[in-house]
Every structure is written in C-alpha cells, then in structure tokens.
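What follows is a single structure, written as structure tokens, with notes after it.
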Amino acid sequence: MKAAVVQGPGQVPVFADFAEPVPAAGEILIDVTAAAISQVVKARASGAHYSATNAFPFVAGIDGVGRTSDGRRVYFVMPRPPHGAMAERVAVPAAQCVDLPDDLDDLAAAAIANPGMSSWAAYVERARLKPGETVLVNGATGTSGRLAVQIARHLGAGRIIATGRNAQALREVGADVTLPLDQPEAFLAPFAEGVDVVIDYLWGDSARALLIAGARAGRDAVPIRFVQVGSVSAADIALPSGVLRSSAIELMGSGIGSIRFDRLVAAAGAVLQAAVPAGLHIAFTPAPLAEVEQAWPRDDSRRRTVFHQ
C-alpha cells in the first residue's frame, strides 16, 4: 500500500510503498480517508517527542478518519507502530475508534479531533472546569488555541482570556479579553480579578510570566489550575521556587501519560459529537496524501494540513 513514510529522524515523510497492516486480535482494519498533521506528529517524525519510538522507517500520523469493513465512519487514534494514520489502511484496536456523527465530514473531523481532544481533556479530565469559571488560554492564536477558546465557551466558562498576537481573531472565536504576548506586564491584572484555569500551549517566557503573575495576585489560597499542554515556545523554563510556595497554583500536565488512554479516546469522541452543535470550527488546508513531501514543510500553526486519499 502507499503511505507517508518517515525514513529517518528529522526527514520529511515520502510517499512510498509500505507493508500492509495485518490486524491482530481485537483490531479492525480501516480504509483511511483523512489524517492531519499536528505538533505531536511532527515531533514524533523528528524523533523529539517523548512518545516517539525512534524505530525507522515508520508511517507518519497518530490519528485519522476512515471506514471499517462494515461501512462505519470512525475516528481512530494510535495505530500500532510502525504503521501510522497517513496511509491507505491501518489496523487499530476497536477500543481506540469512535463513531463519527453523520453531520460532520471526514476532513473537518480529522482537523478538529486531535487539538479538540487535547483541550477537552485538559478542561474536563485535568482542570475539572466548572460552569462560570474564568479560563485563560495561553497561545490562542494557533489552531489549537483558537479551538480551546471555543471549547471553553461550550463547556460553560464564564469569562475567557486569551494571549496571542492577533486580538481580532481571538475575539472572533469568543475571547472576552485578549492579552498581547509581548507585554507580560499586562498579565497581572486578569489574575487580580480572578483566574480559575490556565491552559498553556506555549511554555517558555509567557508561561513563566503567567505563573509569576498568578502567584503575585494570589487570592487567599484560591487554587489556580495551570494545565500545561504544549511547548511551542520552549521546552524549559526557569521558575523561582517561591512562585509555588507562595501560592495555591496547581501545576499539572495534560497529554499522553497524564490521562488514562481510554479517557483520551472518550474526550475525542465527546468533542467530535459536539463539533456541529457547538459550531466548533478550525482552519485547515486539504492536500492529497500523494503530495505529502510538498505539503509537509508548508504546515504551520495557523491552518492544519489534512491529507486525504
């Protein structure tokens, strides 16, 4: 079969032949119709992601959309290596597949699923967001962050604050307050008014500034649940220890390993079921899988690239 094959660390996947997947016990064979690039997919291809096996060659992609032999339209996640989602076919455990709603098309589902799952799980599984609470999304200009703003509104957040470089775009997706990333001195005011949950896609300097601002504005030991989801800006920060000792900040991560895998799959199913009723939308660019070598370098944080057969 044809697939997007990663031959070595840091190499762009090539459209090439790869061995057909053979379903093991409990797995189902899926004809793939759509699969999207994500930060995780790119990091695993480079060998840099903590979940990467670094066993080459392998097929790129951790999730996608397709059809089973009995005609069901499903979203699937984490095919068994070395097979990946960006191929004509995958074999996936049945428990790692969820049915798609009829009114959500394959490309949109593939674009929304991964970033939607990450923010839904961060809100529901880690932060335990309650209706009416105030949410701050750090790094909301990218596709994942803009979707996180929309999902916060759907889940009942009372006030949504977003940091980013395009205030107008953030207001269009539902942010009540926008903060420029290059003005960390502006971070203190929102915490003085009260922030319950921070969803962080950036780490780096902005996350450090937010943690310090949250500690300085501490509200009589009222917890701020700070959920770390992505590290677009930097992998590390230098955080003064006093920030944690002098505040009720609850610092946690959200991703593969911090949440039970079946709960991540359930989060994907929940966000896909909510996509149309909640009006969730995400910018994406469709591309034939055969053009993976040309499309891969053009992918950026503003529009997801969704490959299709």
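A single member of Ala235, Ala207 is at pLDDT below 95, over 30 Å from Cys97 (Cβ atoms) and outside the structural domain of Ala95 (by TED's automatic domain parsing), and it is Ala235.
Per-residue answers, yes or no, for (1) under 23 Å from Ile249 (Cα atoms); (2) out of contact with any Pro (no Cβ under 9 Å at 6 or more places or on another chain); (3) outside the structural domain of Pro23 (by TED's automatic domain parsing):
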site: Leu104; (1), (2), (3): no, yes, yes
site: Arg128; (1), (2), (3): yes, yes, yes
site: Leu147; (1), (2), (3): no, no, yes
site: Ile161; (1), (2), (3): yes, no, yes
site: Gln168; (1), (2), (3): no, yes, yes
site: Glu172; (1), (2), (3): no, yes, yes
site: Ala186; (1), (2), (3): yes, no, yes
site: Phe191; (1), (2), (3): yes, yes, yes
site: Gly194; (1), (2), (3): yes, yes, yes
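Which is buried (at least 19 other Cβ atoms within 10 Å of the Cβ) and either part of a loop (DSSP other than H, G, I, E, B) or not aliphatic (A, V, I, L, M) (or both), of Leu272, Leu210, Leu280, Leu264?
Details: Leu272 fails: either part of a loop (DSSP other than H, G, I, E, B) or not aliphatic (A, V, I, L, M) (or both); Leu210 fails: either part of a loop (DSSP other than H, G, I, E, B) or not aliphatic (A, V, I, L, M) (or both); Leu264 fails: either part of a loop (DSSP other than H, G, I, E, B) or not aliphatic (A, V, I, L, M) (or both).
From the options Leu272, Leu210, Leu280, Leu264, the qualifying one is Leu280.
Assess whether Val292 counts as being crowded, with 20+ Cβ neighbours inside 10 Å and either of a type outside the set (Ser, Thr, Tyr) or not in a helix (DSSP H, G or I) (or both). Criteria met by Val292. In segment 1-24, the residues that are without any contact (Cβ under 8 Å) to a residue 40 or more places away in the chain reach residues that are in a strand (DSSP E or B) with C-beta atoms within less than 6 angstrom, at least six apart or across chains, in these pairs: Ala16/Val5.
In segment 81-107, how many are outside any strand (DSSP E or B) and more than 14 Å from Val32 (Cα to Cα)? Step through it out loud before you land on a result.
First pass over segment 81-107, keeping only residues outside any strand (DSSP E or B): 81-86, 88, 94-96, 100-107.
From the residues that got through so far, the ones that are more than 14 Å from Val32 (Cα to Cα) too are 81-82, 94-96, 101-104.
Residues in segment 81-107 being outside any strand (DSSP E or B) and more than 14 Å from Val32 (Cα to Cα): 9 in total.
If the requirement is being without any contact (Cβ under 8 Å) to a residue 24 or more places away in the chain and of a type in the set (D, E, K, R), which of these qualifies: Asp200, Asp176?
Details: Asp200 fails: without any contact (Cβ under 8 Å) to a residue 24 or more places away in the chain.
Answer to the check: Asp176.
Counting residues in segment 189-196 that are outside any helix (DSSP H, G or I) and of a type in the set (Val, Ile, Thr) gives one or more. Scanning segment 120-168 for residues that are in a helix (DSSP H, G or I), closer than 14 Å to Val227 by Cβ and small (Gly, Ala, Ser) yields Ala121, Ala122, Ala127, Ser144, Gly145, Ala148, Ala152.
Determine whether Val229 is over 23 Å from Leu155 (Cα atoms), surrounded by 17 or more Cβ atoms within 10 Å (Cβ to Cβ) and in contact with a Phe, Trp or Tyr (Cβ under 9 Å, 6 or more places away or on another chain). Quick ask: steps written out before the conclusion?
On the way: over 23 Å from Leu155 (Cα atoms): no; surrounded by 17 or more Cβ atoms within 10 Å (Cβ to Cβ): yes; in contact with a Phe, Trp or Tyr (Cβ under 9 Å, 6 or more places away or on another chain): yes.
Criteria not met by Val229.
Conditions first: (1) under 17 Å from Ile151 (Cα atoms); (2) not assigned by TED's automatic domain parsing to the domain that holds Leu181. Pro288 passes all but one, so which condition is the exception? Pro288 satisfies all of (1) under 17 Å from Ile151 (Cα atoms); (2) not assigned by TED's automatic domain parsing to the domain that holds Leu181 except (1).
The values are calculated or read from the model by the stated rules, or taken from the named source; none is laboratory data. The structure presented is a predicted model; accordingly, all values stated were derived computationally and were not measured. Heads up, the Cβs are rebuilt from the backbone with ideal geometry, glycines too, and the neighbour counts pull from every protein chain shown.
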